[in-house]
Amino acid sequence: MTAQGTAGTPVPVAAPAAARRTVTAPGTGTPPVGDGLQPPDAASRERSAVPTINDTLWQQAQRLGAAVRRRPWWLQITLIYLAARFVSYCIFEAVSLHQGASPWGPAHPDYLHFVGIWDSTWYKGIFDNGYPQTIPRDAAGVAQQNPWAFFPLYPLLVRGLSAVTGLGWLVLAPTVSLLAGLGAALVIYRLFRRFASVATAMWGVVFFVTFPISPVLQVPYAEALSTLLLASALYLLVRQRYLWAVPVVLLMCLSRPAGVPFAAVVLVHLLLRLFRRKTEPVRRPELLRGMVLLLVSVLSAVAWPLIAWAATGEMKAYTDTETAWRGSSLVLIAPWFDTGRQLFGPVLGLVAPVILVLLFALFINSRAVRTIGTDLQLWCVAYFGYIIAVLQPQTSTFRMLLPLFPLALAAAVVSRSRAYRVTVVALFILLQIVWVTWLWAWAQLPGGGDYPP
């Protein structure tokens, strides 16, 4: 109801008591606070308006993420990489607290001594003494484990830096690995950007630096340096900078045995360019530069076995040394079926390797993997085939999967959902804990021996 004011303005007039509507609390007959004019859930709304700890943390994380995204790409990658390596450092430290006495030292080693076990001691031996002039053999003439199985670039690089800086292996070796891993992450981002958006390429790098075996990027192993060189070689190949790739490929083949699959990729890359020359013209000088890269790749792939032959006088010095770890001569493909029978029985064991290859073939032809480009697909196929051909499957096989890093971009392409990507990272970190606890921490098996990382 309204009344007319002195200036003709309506003035509100209180409604009669009988006309008022009173809301009472159910079962009580008592009007709620505010005499029914305030909704019953207003108090809960007020409580919900107060930010919780989770809300505050999420807001702070969003602000931090926005601040990082405003930085140059190389600084973003550096921060992501260092954060990932800090997580791995914490895992190493936590696991080392439970490490008992091992062949490399007493129980509960500090971080630097804990990451300096396993194959790190072989690299340190090369750092200290170089390579033997003869292959050690038993009475039956079978080669024994020796440094010729380990490629020279990483330990000799650390030795050279040690001569300049005066630092010893204990500090310098993991530092070189850490920095080489950072270089690999930076190059991989530039490689991924040729096939994906900024956000997807960034997530591909996140997947790479948190991969379950990514802690190997900060230990005195050659993996970080080899990955840097491999990523650089693939980047130059994709950009068709063939002559620039020549020294990179040569160094790569002196860091880890990746020359054979890379040479295969270069060969198919050039054949595809010839096949497509009608739609994508290729000039003769460019083709000649590609042939130079192919020739260098082939020669580099066999360089280390030839060096071992020249230094020891034994033609099979390298291959005999490599097979000393498996206890048998080099046989192609068959070890996968042997291991299959040991793990799954006589029937399923023969089928398991075939299923593995078929699943990989389906995966490599999936929509997500096709987005990474023909050259990176070729590399993944060639390297996977190389592993199947020459590797004896064991626990170290997980570490051998690191060169398949282009698949990290395919994993990021699968879904743009933030929930999916964060879940993958969380799963990877959990599997880092499994890898370090199960394989890096030394524990002798009941029957002797151990599971190497």
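Could you check how many residues of the range 350-381 are more than 21 Å from residue 238 (Cβ to Cβ) and among the β-branched types (Val, Ile, Thr)? Summing the residues that are more than 21 Å from residue 238 (Cβ to Cβ) and among the β-branched types (Val, Ile, Thr) in the range 350-381 gives 4. Pairing residues of the range 416-434 that are over 15 Å from residue 215 (Cβ atoms) and surrounded by 12 or more Cβ atoms within 10 Å (Cβ to Cβ) with residues that are among the small types (Gly, Ala, Ser) and at pLDDT 95 or above, at Cβ distances under 7 Å and at least 6 apart in sequence or on separate chains, gives 421/412; 424/411.
Within the range 314-349, being without any contact (Cβ under 8 Å) to a residue 12 or more places away in the chain and either assigned to a loop (DSSP other than H, G, I, E, B) or touching a Ser or Thr at 6+ places or on another chain (Cβ under 7 Å) (or both) holds for 315, 316, 327, 328, 329, 331, 345, 346, 347. For the criterion of being part of a helix (DSSP H, G or I), modelled with pLDDT of 95 or more and either surrounded by 12 or more Cβ atoms within 10 Å (Cβ to Cβ) or under 31 Å from the mean Cα position of the chain (by Cα) (or both), residue 307 passes.
When 327, 340 are screened for being small (Gly, Ala, Ser), over 27 Å from the mean Cα position of the chain (by Cα) and more than 22 Å from residue 259 (Cβ to Cβ), only 327 passes. In summary, no helices (runs of 4 or more DSSP H) completely within the range 48-162 bear 2 or more residues that are modelled with pLDDT of 95 or more and touching a strand residue (DSSP E or B) at 6+ places or on another chain (Cβ under 7 Å). Can you confirm whether residue 186 is free of Cβ contacts under 8 Å to residues at least 60 places away in the same chain, under 21 Å from residue 429 (Cα atoms), surrounded by fewer than 24 Cβ atoms within 10 Å (Cβ to Cβ) and within 17 Å of the chain's Cα centre (by Cα)? Taking the combined requirement at face value, the residue does not satisfy it.
One line per residue, one yes/no per condition, for (1) farther than 20 Å from residue 215 by Cα; (2) of a type in the set (Phe, Trp, Tyr); (3) surrounded by fewer than 17 Cβ atoms within 10 Å (Cβ to Cβ):
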{"position": "63", "(1), (2), (3)": "yes, no, yes"}
{"position": "86", "(1), (2), (3)": "no, yes, yes"}
{"position": "100", "(1), (2), (3)": "yes, no, yes"}
{"position": "122", "(1), (2), (3)": "no, yes, no"}
{"position": "136", "(1), (2), (3)": "yes, no, yes"}
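On the stretch given as the range 191-223, residues that are assigned to a helix (DSSP H, G or I), under 15 Å from the mean Cα position of the chain (by Cα) and farther than 16 Å from residue 80 by Cα total 3.
The values are calculated or read from the model by the stated rules, or taken from the named source; none is laboratory data. In this text, all values refer to a predicted model and were calculated from it rather than measured experimentally. Note: ideal-geometry Cβ built from the backbone for every residue, glycine included; neighbour counts use all protein chains shown.
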